[in-house]
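A.B. asks: Dumping the structure here so I can ask a few things about it.
Computed from the coordinates by the stated procedures, all read-outs in this text should not be read as laboratory data. Remember, it's a predicted structure, so these values are computed and weren't measured experimentally. Here the Cβ positions follow ideal geometry from the backbone for every residue, glycine too, while neighbour counts run over all protein chains shown.
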C-alpha cells in the first residue's frame, strides 16, 4: 500500500521564523511529488518535483526532493501570518496518476 | 489558469436522502477526475477515480453502491451519496487533470462540498 508521511503534524512559529516541513514516502510507482497549501477550501498547488536534488523556488518557499532517501522538504523563510495553513504533500503514482496525500502539517504563524 | 467548479459548496440533508455533487472543468477537458473525502483535521483520502465514458475505479473500502459516480462528458463528473447517514458528513473535493497536459501535470481542485447529514 502506498504511504506518504508528513512531519511534524503541527507547528507554531513566530512571524519571521524559517520552517522546514518534511515528507517521506513509500510507493510502488513514483511519478512525482507535489506540495499543496490548503487554507479553508481546496488545496492550491505549490510545487511539483520529479528529479532529485533540484530545488524549486517560489518567493519565500522552496522545495527539494531526494529520490534515494524517499523524502522531500518544503522550506518557508521569513514566515508571515498569511502562511498559516495546512501544507499537504502528495505523491503521484500508478497508471492513473492518482495522488496519495500525506497527513498534512498544520502551520500556524503568530505575531 | 485551469478552473474546476464544484457545486454545491455546502449542503445539509436528512438521513436517508441522496445528495448529488457536481464537478466541472471549466476551461479544459478532463477524461479523468478524482474524488476525495476529507474528515476534520485529516488529510484527503482518495475515494475513486472517475473515468469519462466508463466505470469509476473505487479505492478499497469505498462502497460503489453508496457513492455513485457518473462521468458522462469530458467536463463533468458527478458524485451521488445515496441514502446518506451522519457518518457520511465530510468535506468532498474533486480534482481533474487537463487531458491535454502531461500525465504528470498537477491536478486542479474544486473548492469542495461540505456535506452535513442530520
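A.B. asks: Of B:85, B:71, how do they rank once you tally other Cβ atoms within 10 Å and put the fewest first? All intermediate terms of the calculation are to be shown ahead of the outcome.
C.D. replies: Details: B:85 11, B:71 23.
Arranged by neighbour count, lowest to highest, B:85, B:71 become B:85, B:71.
A.B. asks: Can I ask one more? Most exposed first by the Cβ proxy, i.e. fewest other Cβ within 10 Å, how do B:45, B:33 rank?
C.D. replies: Arranged by neighbour count, lowest to highest, B:45, B:33 become B:45, B:33.
A.B. asks: Determine the shielding of peptide B:102-115 by partner chains: average, over its residues, the number of Cβ atoms on other chains within 10 angstrom of each Cβ.
C.D. replies: The shielding value for this peptide is 5.
A.B. asks: Give the Kirkwood hydrodynamic radius (Å, one decimal) of the protein assembly as shown, defined as one over the mean of 1/r across all pairs of different Cα atoms.
C.D. replies: 18.1 Å
A.B. asks: Right, another one. Placing one identical point scatterer on every Cα of chain B and ignoring solvent, what is log10 I(q)/I(0) from the Debye formula at q = 0.13, 0.16, 0.20, 0.22 Å⁻¹?
C.D. replies: For chain B at q = 0.13, 0.16, 0.20, 0.22 Å⁻¹, log10 I(q)/I(0) is -0.45, -0.68, -1.06, -1.26.
A.B. asks: Quick one: order B:46, B:74 by neighbouring beta-carbon count within 10 Å, fewest to most.
C.D. replies: Fewest to most other Cβ atoms nearby, the residues stand as B:74, B:46.
A.B. asks: Then there is this: Given R₀ = 41 Å, what would the calculated FRET efficiency be for residue A:10 paired with residue B:87, taking r from the Cβ atoms and rounding to 0.05?
C.D. replies: 0.95
A.B. asks: Right, something else. Can you give me the Cα centroid spacing of the range B:43-118 and the range A:31-92 in angstrom?
C.D. replies: 24 Å
A.B. asks: Then there's this: Taking each residue in A:40-49, count the Cβ atoms of any other chain within 10 Å of its Cβ, then average. What number comes out?
C.D. replies: Mean partner shielding for this stretch: 5.
A.B. asks: Next question, about the same structure. Using only the Cα atoms of chain A, construct the convex hull and provide its projected area averaged over every direction, in square nanometres to one decimal. Working shown, then result.
C.D. replies: Values: hull surface 26.5 nm².
One quarter of the hull surface, i.e. the mean projection, equals 6.6 nm².
A.B. asks: While we're looking at this one, here's another question. Extending each Cα 7 Å along its Cβ direction at residue A:28 and residue B:65, get the distance between those two points in nm, one decimal.
C.D. replies: 2.7 nm
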